[in-house]
Amino acid sequence: MPSSERTYTTRVGASNAGAGQAAVEVLTDPSLAHIVDLVAWPRGDWLMVANSEGWARVPLAEPAAAWQVLRGRNPITDEDPLHGVPLARALADPSPPNDRNSYPFAGPRLASVFEDADRSPDLVVVHTPAHYWPERGGHPGEHGSLDAGQSRAPLLLSGPGVTGRGRLDRAARIIDIAPTLALLAGAPMPTAVGRPLADLCAGGPAAHVVGLLWDGANCNDLLDQAAAGALPAVARLLSRGCALTGGAVAEFPSVTLTNHTSALTGVGPGRHGILSNVYYDRAVGDQVIANDAKTWHQACEQLRPGVATVFEAVATARPGAVTACVNEPIDRGAGYSTFGLVRAMATDGGASGLGDHLPPTEGDPHATAEWVERDHDYAWSTRVDALGLSQMRQLWADPTGPPAFTWWNTTLTDTGHHGGGPYSPESRAALADADRRLGAFLDLLDGAGLYDRTTFLLTADHGSEGADPTCRGDWDDALTAAGVRFRDEGYGFLYLDRLEHPDRLEHPDQPGHPDQP
Ligand SMILES: [Zn+2]
């Protein structure tokens, strides 16, 4: 659909203009500048951005156009997707403030957030990368913001059909993942807004395509650890392919389910409908918690019409082709799916009920014992991923033939990056666990003579930056003190109208860590 046909919502309008104006005034006050990187909202035909130092705007219908500065300094001065690349540059200025930070593809990513008539917030608040908010579910390592560090997922291509070689200083977007996978699998993806990385991939379908999503893996650190010998399976993939040092830039907000969905559909949140891990739906009149163990198996019910998954694209182009989706909620159209099994179980708790079926950590040669003992979340996530590997082994040992397209989601990497922050012993242990499981799978393919016939794409759903434990504060307290009526979903999506649940206005229940049960 051309951009001129898009419909944008504008709700900082007549009925609540006062609330919108008051909210922007509160949120751009210098007293909150340490936690509010910027705010964005639609006004008429414009996408507005502002922070304590200035205002700017861009046309909603042409969000990639140059910003018009309205006042002071543009909050989005730098959009370089290679900002903070490679690792040494990120370490030299970790979690940088607004005037030293970069916001790749900021206009198009922010515009998408305001595209859904029922679910889009009236205004989004972008956390500074340093903001530490444990009382609202924040962690030492965080993502969700608009900046390069929290948005940058790795992107690595490997195997037959891949023509790119080595580390390439360029970047793509998460919405490019689906059309690239579809191209490798020999399927067109006309519903995608993203573009396939056609200059890095030869035409013609590969015999087998495997998409790997290592949730929350830091791109700089993944490439650095692979080069240092700590991730031999990733290095093995890279030896017959390429990696973009600028990675794949997540859609906004750079949270999990929004970007799993963008990676598998090729469209932004305003088009696919999963606006954030948690959002408000005006048509339903209630909060939707999309990214939760209890609801993952129902996530595809939130997809908007006109959206297709890679599984559906492959099924349409190649009838009878076997597809599989391991540990991934966005599974619509997949022949095999972990969450299909959860739906078949039909229990009240959804994937919470999987706990009884997870392999034990004891005796798992791929789990780092130190972190299993020290972090309960780590222990749970590594068990989930052990079950993922076991599914992969079963799928690829099937005598009817391995899948033409497989998607394998890894959870532990996000847990390790939240728990210790990027570049930490815990995040690196999580990467190593994931790499050992990938290595076990590659060995299986090697033994079956399938490795040379399989093309891989390794990515993530977002990046990771370390919070500053001294950078504290809560903009909701400031809004409440100023008399603004609002709901704040997922800590940053402000809804200023349709306040049907006044008892939950100020601090709607947080679902806890969104990737945890
Ligand atoms: Zn994630």
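Looking at (1) in contact with a strand residue (DSSP E or B) (Cβ under 7 Å, 6 or more places away or on another chain); (2) open to solvent by 40 Å² or more (accessible area, probe 1.4 Å), find the lone condition where ASP99 falls short.
Result: ASP99 passes all but (1).
Given (1) assigned to a loop (DSSP other than H, G, I, E, B); (2) in the same structural domain as ALA404 (by TED's automatic domain parsing); (3) within 16 Å of the ligand (Cβ to nearest atom), identify the lone condition not met by GLY449.
Condition (3) is where GLY449 drops out.
Within the set of pairs 6+ apart or on separate chains, which have a first residue in the stretch 214-226 that is more than 17 Å from GLY241 (Cβ to Cβ) and without any contact (Cβ under 8 Å) to a residue 12 or more places away in the chain, a second that is open to solvent by less than 10 Å² (accessible area, probe 1.4 Å) and more than 13 Å from the ligand (Cβ to nearest atom), and C-beta atoms under 9 Å apart?
Here the result reads none, with nothing in the stretch 214-226 linked to a residue that is open to solvent by less than 10 Å² (accessible area, probe 1.4 Å) and more than 13 Å from the ligand (Cβ to nearest atom).
For the stretch 479-517: of the residues being open to solvent by 30 Å² or more (accessible area, probe 1.4 Å) and part of a helix (DSSP H, G or I), which is modelled with the highest pLDDT?
ALA481
Looking only at the stretch 425-446, filter to residues that are within 16 Å of the ligand (Cβ to nearest atom) and hydrophobic (A, V, I, L, M, F, W, C); which one of those is nearest to GLN394 (Cα to Cα)?
Restricting to residues being within 16 Å of the ligand (Cβ to nearest atom) and hydrophobic (A, V, I, L, M, F, W, C), the top hit is ALA434.
List the helices (runs of 4 or more DSSP H) that sit entirely inside the stretch 61-161 and contain at least 1 residues that are free of Cβ contacts under 8 Å to residues at least 24 places away in the same chain and not assigned by TED's automatic domain parsing to the domain that holds SER427.
Qualifying helices (runs of 4 or more DSSP H): 87-92.
Take the residues in the stretch 266-276 that are touching a residue at least 60 places away in the same chain (Cβ under 8 Å) and either part of a loop (DSSP other than H, G, I, E, B) or within 16 Å of the ligand (Cβ to nearest atom) (or both); name whichever of them is farthest from PRO81 (Cα to Cα).
Checked the stretch 266-276; the qualifying residue farthest from PRO81 (Cα to Cα) is GLY273.
Report every pair of residues separated by at least 6 positions or lying on different chains whose Cβ atoms are under 7 Å apart, first residue within the stretch 26-52 and on the phi < 0 side of the Ramachandran plot, second open to solvent by 30 Å² or more (accessible area, probe 1.4 Å) and among the basic types (Lys, Arg).
TRP46/ARG57; LEU47/ARG57; MET48/ARG57
Would you check if there is a residue in the stretch 256-276 being open to solvent by 10 Å² or more (accessible area, probe 1.4 Å) and aliphatic (A, V, I, L, M)?
no
Of (1) more than 16 Å from the ligand (Cβ to nearest atom); (2) at pLDDT below 95; (3) polar (S, T, N, Q), THR295 satisfies all except one. Which?
With respect to (1) more than 16 Å from the ligand (Cβ to nearest atom); (2) at pLDDT below 95; (3) polar (S, T, N, Q), THR295 is out only on (1).
Note down all Cβ pairs under 6 Å where the first residue falls in the stretch 314-334 and is in the same structural domain as GLN394 (by TED's automatic domain parsing) and closer than 19 Å to TRP296 by Cβ, the second is modelled with pLDDT of 95 or more and in a loop (DSSP other than H, G, I, E, B), and they're at least six residues apart or on different chains.
THR323/ALA334; THR323/GLY335; THR323/PRO403; ALA324/PRO403; CYS325/ASP331; CYS325/ALA334; ARG332/THR309; GLY333/THR309
Determine if the stretch 468-478 includes at least one residue that is open to solvent by 30 Å² or more (accessible area, probe 1.4 Å), free of Cβ contacts under 8 Å to residues at least 24 places away in the same chain, farther than 19 Å from LEU389 by Cα and not β-branched (Val, Ile, Thr).
Yes: one or more hits.
Each row is one residue, and each column tells you yes or no for (1) open to solvent by 10 Å² or more (accessible area, probe 1.4 Å); (2) under 27 Å from MET392 (Cα atoms); (3) over 22 Å from the mean Cα position of the chain (by Cα).
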site	(1), (2), (3)
GLU142	yes, no, no
ASP147	no, no, no
ASP199	yes, no, yes
PRO205	yes, yes, yes
CYS219	no, yes, no
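The values are calculated or read from the model by the stated rules, or taken from the named source; none is laboratory data. Just so you know, these numbers come straight off a predicted model, no measurement behind them. So basically every Cβ, Gly included, is an ideal-geometry build from the backbone, and we count neighbours across all protein chains shown. Side chains included, ligands, DNA and RNA excluded: accessible areas come from the protein's heavy atoms. Shrake-Rupley method; radii C 1.70, N 1.55, O 1.52, S 1.80 Å.
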